[in-house]
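Structure first, then comments.
The values are calculated or read from the model by the stated rules, or taken from the named source; none is laboratory data. Predicted model only: the values in this text are computed from it and were never measured. Every residue, glycine among them, receives a Cβ derived from its backbone with ideal geometry; neighbour counts consider all protein chains shown. Side chains included, ligands, DNA and RNA excluded: accessible areas come from the protein's heavy atoms. Shrake-Rupley method; radii C 1.70, N 1.55, O 1.52, S 1.80 Å.
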Amino acid sequence: MDFYKYQGTGNDFVLVDDRAGAFSASDQAFIERLCHRRFGIGADGLILLQNDSEYDFRMVYFNADGAEGSMCGNGGRCIVRFAHDLGVFESETRFMAVDGEHTALVNEGEISLKMSNVSGIEQRNGLTFLNTGSPHVVQFVDDLESLDVVAEGRKIRYSAPFQPGGTNVNFAQVVDENTLFVRTYERGVEDETYSCGTGVTAVALVAHQQLNTPTPVSIRTIGGNLRVSFTALADGRFEAIHLIGPAQRVFTGTLPR
């Protein structure tokens, strides 16, 4: 079985065309080994493209630890590019993911992915928390370059207010009136990643609510630049959220037996 390696602002994934249903999706150890950066292909996660009778395709996402995960925004942009490369659709698509229906638009350089609506932003033990398809904490800091993201992120990820499932943790610094620098500790990867799509989406919404940052919000990550556009409602909810940025094929190969 062939695999395809894609990346979206440095968030990298193993993509598999599983429309025939031949991939061993229940083998967590196998998926973890494929994602391992020393003994496997190396990736932040693995994504299956499967058939769906009502949509162009279904996205099934696994974290680097081999467990099926919640929604991944950069992974969503990568699977849209993958499906487009396979000829599944021409320029616009509807697909199903773990958090429900998504739509996306493809142009030559970017993917615009419509994210799930966000019901609100809350405070848990003094930390700002929201769900953008995956759970996220957002914390603003003054010197993000020197922050130990892994150590500080891990403390929050495993802290009591977010158990039993834990949370992803985003640290953000204001660059200018509509640009933020973001670094993310991702659960499931249990490390800092170069970028996190649902994470930067969370940061953009919190920045709008707390700092009045205008839409679209420009986000700088270690792996590249993204934009997040949205409609903010008077009751604290957000709709028409779009994660916009590049997604590219890196290489292809054959899965080991």
Restricting to segment 68-108, count the residues that are over 18 Å from His136 (Cβ atoms), of a type outside the set (Phe, Trp, Tyr) and outside any helix (DSSP H, G or I). 17
Residue ID - nearest to Thr201 (Cα to Cα), chosen from residues in segment 82-115 that are buried (at least 22 other Cβ atoms within 10 Å of the Cβ) and in contact (Cβ under 8 Å) with a residue 60 or more places away in the chain: Met115
Between residues in segment 136-162 that are within 22 Å of Val118 (Cα to Cα) and open to solvent by less than 30 Å² (accessible area, probe 1.4 Å) and residues that are among the hydroxyl-bearing types (Ser, Thr, Tyr) and part of a helix (DSSP H, G or I), which pairs lie under 8 Å by C-beta distance while being six or more apart or on different chains? His136/Thr198
Out of (1) under 13 Å from the mean Cα position of the chain (by Cα); (2) in contact (Cβ under 8 Å) with a residue 40 or more places away in the chain; (3) open to solvent by less than 20 Å² (accessible area, probe 1.4 Å), what's the single condition that is false for Ile241? (1)
Among what's in segment 60-81 and is open to solvent by less than 10 Å² (accessible area, probe 1.4 Å) and of a type in the set (A, V, I, L, M), pick the residue that is nearest to the chain's Cα centre (by Cα). Met71
For Gly40, are the conditions met, namely being of a type outside the set (Phe, Trp, Tyr), closer than 23 Å to Gly224 by Cα and open to solvent by less than 50 Å² (accessible area, probe 1.4 Å)? no
Scanning segment 179-210 residue by residue, those touching a residue at least 60 places away in the same chain (Cβ under 8 Å), open to solvent by 30 Å² or more (accessible area, probe 1.4 Å) and either part of a loop (DSSP other than H, G, I, E, B) or farther than 16 Å from Val137 by Cβ (or both) turn out to be Arg187, Val189, Glu190, Tyr194
